[in-house]
Amino acid sequence: MSLLKSWGRLVFCLLCMLYDFFRFTRYGGWRQNMRDKQERNYSSVRVYHSLEKSLSLTERNPSAGGNNAKLLKRILDRAEESNDYGFQDRVALKVLSDFSAQIEDNGEGVALHNDLQRIAHEASQEGGILEVDVPTCQLENPEGFFLGRHSIREFSDRIVEDDELKRAISMAMKAPSVCNRQAWHVYDINKPELIKAALSLQNGNRGFGHKVSRLLIISSDLKAFVSYKERYQHWIDGGIFSMSLILTLHSLGIGSCCLNWSQDATTDLKLRNSLPIKSEHSVIMMLAIGYPNEMNKVCQSPRRPIEEIYTKL
């Protein structure tokens, strides 16, 4: 490989990093604009989840969390001003009400709790803590489930119903995310012309892309991420959700094939010009889905020995 080509890769890498920086600068949540309903709801969940964690601890400092409670009240004040409560605003109100009832801080908790009663009708029924017996839900044959999943590149004519897809997405949303922000978004495409447009920009579907009849584009919302320390968190959270969705689909008998979207800025912009993907949504990957045929040819794709990827410290 020529030295010039190697340096060229570094130059293009830098250009793509600048594109990512531009996108984070323009669409990220670092401004923390509480009058933007979307940004405010991500802030709500980030703060109220810290209060949920405090409430869930068996050995809890009863005076802990007071500053976050005050911060959450200020966030909810912006929702009240706009009279436009989002889902997470309503959950935040429920959590803050539960939390304020337990604050032991010179009566501040009582005052806060009483103040919240003015808008108690806006609160969700969900949020806070639950006491549960955690079931083991152990699979009878976990190896059969996990090792039995293969990338399927050709599907049967059986249609994946919308309700079944939404069922898989709903289960996949139990995936963990940083501060429970749930910044995922799934674009569902079944129009042949749109699938063709999307796959024409993806370089891993040669030989079977023309047969794909249902394509998902999984993305992550940059508005959910504030700190420079979170500059790549949208990729991490989006990847975790993607894997959860692949497995929930598999649990319902729906096959899938991951289609990589590690693209340059030009190609990413072409996709956004072809499809109505929100500017603040970073594309994580594409996923072709469908029911498998009774018999399928799949790649063996042998896995590396565990000794190569496992180190006990």
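The values are calculated or read from the model by the stated rules, or taken from the named source; none is laboratory data. Just so you know, these numbers come straight off a predicted model, no measurement behind them. Here the Cβ is made from the backbone with ideal geometry for all residues, glycine too, and neighbour counts use every protein chain on show.
Out of the range 222-239, which residues are part of a loop (DSSP other than H, G, I, E, B) and either touching a Pro at 6+ places or on another chain (Cβ under 8 Å) or polar (S, T, N, Q) (or both)? Result: 227, single match. Only one of the numbered conditions (1) modelled with pLDDT of 95 or more; (2) closer than 30 Å to residue 142 by Cβ; (3) of a type in the set (S, T, N, Q) is not met by residue 267, and that is (2). For the range 146-173, the set of residues classified as more than 13 Å from residue 246 (Cα to Cα) and assigned to a loop (DSSP other than H, G, I, E, B) consists of 153, 154, 156, 157, 158, 159, 160, 161, listed by residue number. Just to be sure, is residue 37 exposed (fewer than 12 other Cβ atoms within 10 Å of the Cβ) and either assigned by TED's automatic domain parsing to the domain that holds residue 225 or basic (Lys, Arg) (or both)? It is false that residue 37 is exposed (fewer than 12 other Cβ atoms within 10 Å of the Cβ) and either assigned by TED's automatic domain parsing to the domain that holds residue 225 or basic (Lys, Arg) (or both).
Of 256, 242, 219, 213, which residue is among the polar types (S, T, N, Q), assigned to a helix (DSSP H, G or I) and in contact with a strand residue (DSSP E or B) (Cβ under 9 Å, 6 or more places away or on another chain)?
Details: 256 fails: assigned to a helix (DSSP H, G or I); 219 fails: assigned to a helix (DSSP H, G or I); 213 fails: assigned to a helix (DSSP H, G or I).
The unique qualifying residue is 242.
Scanning the range 64-75 finds no residues that are surrounded by 13 or more Cβ atoms within 10 Å (Cβ to Cβ), modelled with pLDDT of 95 or more and either in the same structural domain as residue 269 (by TED's automatic domain parsing) or under 21 Å from the mean Cα position of the chain (by Cα) (or both). Residues that are assigned to a loop (DSSP other than H, G, I, E, B) and aliphatic (A, V, I, L, M) were ranked within the range 282-301; the one that is farthest from residue 198 (Cα to Cα) is 295.
Yes or no, residue by residue, for (1) touching a helix residue (DSSP H, G or I) at 6+ places or on another chain (Cβ under 9 Å); (2) among the acidic types (Asp, Glu); (3) modelled with pLDDT of 85 or more:
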site	(1), (2), (3)
90	yes, no, yes
94	yes, no, yes
111	yes, no, no
129	yes, no, yes
137	no, no, no
152	no, no, yes
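Scanning the range 80-99 for residues that are of a type outside the set (S, T, N, Q) and either surrounded by fewer than 18 Cβ atoms within 10 Å (Cβ to Cβ) or in contact (Cβ under 8 Å) with a residue 40 or more places away in the chain (or both) gives 80, 81, 84, 86, 87, 89, 91, 92, 95, 96, 98, 99. Taking the criterion of being within 25 Å of residue 62 (Cβ to Cβ) and loosely packed, with under 11 Cβ neighbours inside 10 Å, the residues of the range 121-133 that qualify are 130, 131, 132. Scanning the range 47-61 for residues that are of a type outside the set (S, T, N, Q) and within 16 Å of residue 128 (Cβ to Cβ) returns 47, 48, 49, 51, 52, 53, 55, 57, 60.
Report whether or not residue 262 is closer than 21 Å to residue 186 by Cβ, surrounded by fewer than 20 Cβ atoms within 10 Å (Cβ to Cβ), over 23 Å from the mean Cα position of the chain (by Cα) and among the small types (Gly, Ala, Ser). When the stated conditions are applied, residue 262 does not pass them.
For the range 134-187, a residue qualifies if it is within 25 Å of residue 278 (Cβ to Cβ), β-branched (Val, Ile, Thr) and either loosely packed, with under 13 Cβ neighbours inside 10 Å or out of contact with any strand residue (DSSP E or B) (no Cβ under 9 Å at 6 or more places or on another chain) (or both), and exactly one does: 178.
Name every residue in the range 1-44 that is of a type in the set (D, E, K, R) and more than 26 Å from the chain's Cα centre (by Cα), in order of residue number.
Scanning the range 1-44 gives 5, 9.
Is it true that residue 194 is more than 22 Å from the chain's Cα centre (by Cα), under 19 Å from residue 283 (Cα atoms) and not in a loop (DSSP other than H, G, I, E, B)? First the steps, then the outcome.
Working: more than 22 Å from the chain's Cα centre (by Cα): yes; under 19 Å from residue 283 (Cα atoms): yes; not in a loop (DSSP other than H, G, I, E, B): yes.
Here the answer is yes, as residue 194 does meet what is asked.
Mind telling me which of the residues 222, 247, 165, 199 ends up being in contact (Cβ under 8 Å) with a residue 40 or more places away in the chain and more than 30 Å from residue 48 (Cβ to Cβ)?
Numbers: 222 fails: more than 30 Å from residue 48 (Cβ to Cβ); 247 fails: more than 30 Å from residue 48 (Cβ to Cβ); 165 fails: more than 30 Å from residue 48 (Cβ to Cβ).
Matching residue, one of 222, 247, 165, 199: 199.
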